[in-house]
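Encoded as structure tokens, the structure appears first; notes follow it.
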Amino acid sequence: MILTVFRSRLRLGVEAEYRPLAVAMSELAHTMEGFVDEAFFAAPNGDRVTIVRFADRASHDAWARHPAHREAQRRGRDEFYESYEISIAEVVAERHFSADQFPR
């Protein structure tokens, strides 16, 4: 599995214009072969983190090269982001816990 952590800060005053593009990219990612899931978090200080998982590197790379995603990346740099960093990693181990699996 490939894990992408996208950490960003938006420029002031762009949220209303940025939001529809972010929603469209999320919807598109969900349709990509090999998409596993995504999660988004925002901190009060303006930091934003999106975590996206794809089943394998080929699926991840297809998403990275998708023309609509490439255009959104360009717009992000030109119009929306004050800063961002992207970390991509191969998941080498995973563990899951759910309280309902271990009744008291």
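Take the conditions of a type in the set (Gly, Ala, Ser), surrounded by fewer than 16 Cβ atoms within 10 Å (Cβ to Cβ) and either in contact (Cβ under 8 Å) with a residue 40 or more places away in the chain or in a loop (DSSP other than H, G, I, E, B) (or both) and apply them to SER59. Does it pass?
Taking the combined requirement at face value, the residue does not satisfy it.
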Would segment 30-38 turn up any residue that is on the phi < 0 side of the Ramachandran plot, surrounded by fewer than 17 Cβ atoms within 10 Å (Cβ to Cβ) and either small (Gly, Ala, Ser) or assigned to a helix (DSSP H, G or I) (or both)? yes
Which of the residues belonging to segment 83-102 are surrounded by 10 or more Cβ atoms within 10 Å (Cβ to Cβ) and within 14 Å of ASP56 (Cβ to Cβ)? ILE88, ALA89, GLU90, VAL91
What number goes with the only condition from (1) assigned to a helix (DSSP H, G or I); (2) buried (at least 16 other Cβ atoms within 10 Å of the Cβ); (3) small (Gly, Ala, Ser); (4) in contact with a Gly (Cβ under 9 Å, 6 or more places away or on another chain) that SER8 does not pass? (1)
Please work out if PRO67 is exposed (fewer than 10 other Cβ atoms within 10 Å of the Cβ) and over 16 Å from the mean Cα position of the chain (by Cα). yes
Residue in segment 73-85 that is of a type in the set (A, V, I, L, M, F, W, C), within 18 Å of ILE2 (Cβ to Cβ) and at pLDDT 95 or above present: no
Only residues in segment 74-86 that are in a helix (DSSP H, G or I) count as the first member; pair them with residues that are basic (Lys, Arg), Cβ under 7 angstrom, at least 6 apart or cross-chain, and list the lot. PHE80/ARG11
Taking the condition of being buried (at least 16 other Cβ atoms within 10 Å of the Cβ) and within 11 Å of the chain's Cα centre (by Cα), how many residues in segment 11-29 meet it? 3
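The values are calculated or read from the model by the stated rules, or taken from the named source; none is laboratory data. Values in this document were obtained by computation on a predicted structure and should not be read as measured data. Glycine also receives a Cβ, built like all others from the backbone with ideal geometry; neighbour counts cover every protein chain displayed.
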